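The values are calculated or read from the model by the stated rules, or taken from the named source; none is laboratory data. Just so you know, these numbers come straight off a predicted model, no measurement behind them. FYI the Cβ positions are ideal-geometry reconstructions off the backbone, even for glycines, and counts take in every protein chain you see. Accessible surface areas use protein heavy atoms only, side chains included; no ligands, DNA or RNA. Shrake-Rupley method; radii C 1.70, N 1.55, O 1.52, S 1.80 Å.
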Amino acid sequence: MKKTRSTYKRILLKLSGEALLGDGEYGIDSAVLKRYAKEIREVIDSGVEIGIVIGGGNIYRGVEKSSDGIDKVTGDYMGMLATMINGLALQSALENMGVFTRLLTPIKMEEIAEPFIRRRAVRHLEKRRVVIFGSGTGNPYFTTDTAAALRALEIKADVIIKGTRVDGVYNSDPEKNPNAVMYKEISYADVLKKDLKVMDLTAITLCKENNLPIIVLNMNKTGSMMKLLKGEKVGTIVTSGSKLPK
Ligand code: UDP
């Protein structure tokens with residue numbers, strides 16, 4: 001095992017469900033899944049502990065007023081089940097690469113995943129297992145971004161890494177505006193003030209109140225996470241301190 005001297009000892013990676021779509025319209029793109037598993041294996045092999053919160057948007061996303069006759073709370077539970085489908089897929093992909101994993105859920109599903117118990121999650125991490133946190137927070141009205149912030153705080157992660165399909169946080173949507181400018185650093189306050197879509201409000205607030213840094217980077221660029229862990233400046237870092245240039 002090649003150890004990297006990283007500034008981070010334990011990280012929480014947030015992967016959106018949508019990213020698993022790849023070029024497809026529904027479900028899981030196996031090439032994307034394998035690529036993510038490879039990136040995660042490199043992290044654990046380098047000696048950094050990693051927990052993962054995975055979204056469910058590629059399968060089902062709860063909506064405020066659904067047109068399909070499904071009420072909000074039921075839709076949210078369906079979304080949480082979707083995160084478990086993704087979690088099982090990621091677990092399987094990692095195990096195929098020889099990585100030890102545990103899938104944890106705060107909603108009981110004894111046959112397929114362990115119950116989420118904070119101390120147990122930490123123990124798994126210490127034993128160098130990749131811990132996948134499924135079912136979001138286990139509560140409706142939340143998102144997996146908030147679950148990522150919550151689990152990161154609970155396991156005392158040094159940072160949340162939010163894997164996206166763009167390089168970082170921009171002043172406007174880089175997929176729509178070719179002149180969008182990327183920030184290297186930005187404060188929670190500016191993210192909130194400028195309503196930048198880093199994570200949802202509840203998640204940002206939780207990070208801000210507990211001074212937990214967020215790094216937004218491009219998961220579609222091979223090796224981004226490892227570059228970051230080796231000390232290179234990658235993506236955008238959100239902390240309390242960074243001041244935007246006037
Ligand atoms: N969800 C929820 N509580 C949680 C996390 C998720 O109710 O703690 C539901 C919610 O309906 C959400 C869906 O699960 O829309 C899928 O999660 P999310 O939209 O965060 O996935 P992503 O955008 O990351 O793919």
**Fill in**
tail above 25 Å in the computed P(r) of the stretch 71-177, as % of all Cα-Cα pairs, reads 27 percent
**Request:** May I ask for the Rg/Rh ratio of the stretch 6-128, computed from Cα atoms with Rh as the Kirkwood radius, given to two decimals?
**Result:** 1.00
**Prompt:** Can you flag which of 72/108; 176/233; 156/221; 127/221; 38/221; 176/197 are past 23 Å Cα-Cα?
**Reply:** 176/233; 156/221; 127/221
**Request:** Would you list the P(r) distribution for the stretch 187-246, with all Cα-Cα distances sorted into 5 Å bins from 0 and each bin expressed as a whole %?
**Result:** 4, 18, 26, 21, 18, 12, 1
**Item:** Environment charge at residue 55 (Cβ cut-off 15 Å; Lys +1, Arg +1, Asp -1, Glu -1)
**Value:** +1
**Message:** Rounded to the nearest percent, how much of the accessible area of the chain (1.4 Å probe, protein heavy atoms only) is carbon and sulfur?
**Reply:** 51 percent
**Prompt:** Once fully extended, how much extra length lies between residue 184 and residue 118, figured as 0.36 nm per residue of separation less the alpha-carbon to alpha-carbon distance?
**Reply:** 20.5 nm
**Message:** Based on the alpha-carbon set only, what is the convex hull volume of the chain divided per residue, in Å³?
**Reply:** 130 Å³
**Message:** Past the 17 angstrom mark, what percentage of all C-alpha to C-alpha distances in the stretch 138-236 do you count?
**Reply:** 52 percent
**Cβ-defined net charge surrounding residue 170, 15 Å radius [Lys, Arg +1; Asp, Glu -1]** = 0
**Asked** Label points 7 Å out from Cα along the Cβ direction at residue 205 and residue 165: separation in nm?
**Response** 3.0 nm
**Message:** If you restrict to DSSP beta bridges whose two residues both lie in the chain, what percentage is antiparallel, to the nearest 5?
**Reply:** 15 percent
**Message:** For the chain, what does the relative contact order come out to in percent, with C-alpha contacts under 8 Å and a separation of six or more?
**Reply:** 21 percent
**Message:** Quick check on packing: order 49-59, 106-116, 86-96 by the mean number of other C-beta atoms within 10 Å, highest mean leading.
**Reply:** 49-59, 86-96, 106-116
